[in-house]
1. With +1 on the Cβ of every Lys and Arg and -1 on the Cβ of every Asp and Glu, and nothing else charged, how large is the dipole of segment 118-227 about its Cα centre, in debye rounded to the nearest 20?
2. Jot down the per residue volume, in cubic angstrom and as a whole number, of the convex hull over the alpha-carbon atoms of segment 118-227.
3. Please compute the net charge surrounding PRO154, taking Lys and Arg as +1 and Asp and Glu as -1 over other residues with Cβ under 11 Å from its Cβ.
4. Can you tell which of SER90, ALA34, ALA11 lies farthest toward the positive end of the dipole of segment 1-101, using +1 and -1 charges on the Cβ of basic and acidic side chains (Lys, Arg; Asp, Glu)?
5. Restrict the search to segment 113-176; then list the trypsin sites (Lys or Arg not before Pro) that DSSP places in a loop and that have at most 14 other Cβ atoms within 10 Å of their Cβ.
6. What whole number of Å gives the distance from the Cα centroid of segment 131-208 to the Cα centroid of segment 43-71?
7. Let's see if you can work this out: charge +1 on each Lys and Arg Cβ, -1 on each Asp and Glu Cβ, no other charges. What is the dipole magnitude of segment 193-280 about its Cα centre, in debye to the nearest 20?
8. Using DSSP to define loop residues, name the trypsin sites (Lys or Arg not before Pro) in segment 232-265 whose beta-carbon has at most 12 other beta-carbon atoms within 10 Å.
Amino acid sequence: MPPTSAVFPVANARCTVIDNRRVNERYRHLVMDAPATVCDAKAGQFVHLLCPPVGADEPFLRRPMSVYRTDPARGRIEFLYNVVGSGTRSLAALKAGDTVMALGPLGSGFTIPSGARTVMVVARGVGFATLAPLVPLAALLGLRIGALLSSRSPEDFMRSEFEQGEAPEIHAVFDSDGSSDVSRVEALLRGLFVRARPDAVFTCGSNRLLVLLQRLCAEFDIPGEVALEQQMACALGVCLCCVRSLRSRDGSIEHRRVCCEGPVFDLQAVVPAAGGGHAR
Ligand SMILES: Cc1cc2nc3c(=O)[nH]c(=O)nc-3n(C[C@H](O)[C@H](O)[C@H](O)COP(=O)(O)OP(=O)(O)OC[C@H]3O[C@@H](n4cnc5c(N)ncnc54)[C@H](O)[C@@H]3O)c2cc1C
């Protein structure tokens with residue numbers, strides 16, 4: 001029997017932009033006022049943003065964005081995003097006081113195994129935004145957290161946005177100097193796993209890193225989860241546009257909707273995308 005989708009409270013709320021500024025050439029940081037229902041998001045959940053029309057850009061469908069940070073007490077929700085097309089260009093044009101309809105929180109979040117004392121995150125590009133909420137969560141739970149963060153170049157690297165005032169052990173790798181090559185990342189991760197085997201690994205943002213982590217985590221017997229960034233339309237489980245293949249325990253292939261059965265899945269269950277490389 002396929003699992004039924006969880007029932008969870010979701011709001012479609014009008015949120016007011018507080019701030020929307022450039023972090024660097026590639027990424028922007030959006031801060032909005034939002035009702036408590038939308039702010040009440042777990043690490044790994046996302047919201048579906050109705051990007052307003054701007055000039056010739058009239059994004060038809062909503063765009064999914066991971067919740068980077070929330071402050072339910074102040075009614076704040078934050079996103080880190082990469083401007084890649086009409087939807088994110090429209091977000092980039094938002095000014096303080098503008099409003100955006102946000103549907104969420106949606107999807108499953110990350111689960112830290114009970115008894116875990118050390119966790120490791122492996123993020124590529126905008127996967128930083130999806131995995132960053134694990135940093136304050138680890139601090140709250142008293143866990144040690146290490147991070148391997150892969151970016152195109154030091155100019156794209158969002159260290160302080162990832163750290164958020166905490167002190168995770170960070171290993172930064174870049175395309176610009178070749179340190180993000182999978183073989184070099186493998187050597188680095190092997191060294192880290194031998195030195196101090198983490199109790200769980202979380203990843204987002206790269207199919208190549210997913211494949212590598214599936215192999216290494218099987219070898220070192222480390223449980224893990226991956227957050228998938230699949231293009232989606234309704235984000236409510238109806239349109240089936242975000243279906244991905246997953247391996248079940250008996251080895252058969254099952255099809256799961258990333259929007260509502262994910263975006264977070266067991267690391268070993270996900271069938272990697274064919275021929276996929278790093279995400280943006
Ligand atoms: C659960 C989830 C969480 C996400 N969180 C973030 C986030 O925190 N920050 C962020 O910057 N982005 C995030 N994304 C990706 C973001 O939704 C897309 O970049 C955005 O929808 C692109 O819209 P656009 O109109 O600007 O670009 P489009 O014109 O729709 O696309 C521009 C290019 O990006 C590619 N693209 C579009 N959507 C995706 C996608 N989902 N995955 C991979 N490639 C895509 C297209 O194929 C095209 O090449 C997330 C996606 C998902 C599914």
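1. 220 debye
2. So the per-residue Cα hull volume is 87 Å³.
3. -2
4. Of the candidates, SER90 comes out farthest on the positive side.
5. Filter output for segment 113-176: ARG117.
6. That distance is 25 Å.
7. Value, rounded to 20: 240 debye.
8. The qualifying sites are ARG249.
The values are calculated or read from the model by the stated rules, or taken from the named source; none is laboratory data. In this text the structure is predicted, and so the values were computed from the model without any measurement. Virtual Cβ from ideal backbone geometry, glycine too; neighbours counted across all protein chains shown. Remember, those area values only see protein heavy atoms, side chains included, never the ligands or the DNA or RNA. Shrake-Rupley method; radii C 1.70, N 1.55, O 1.52, S 1.80 Å.
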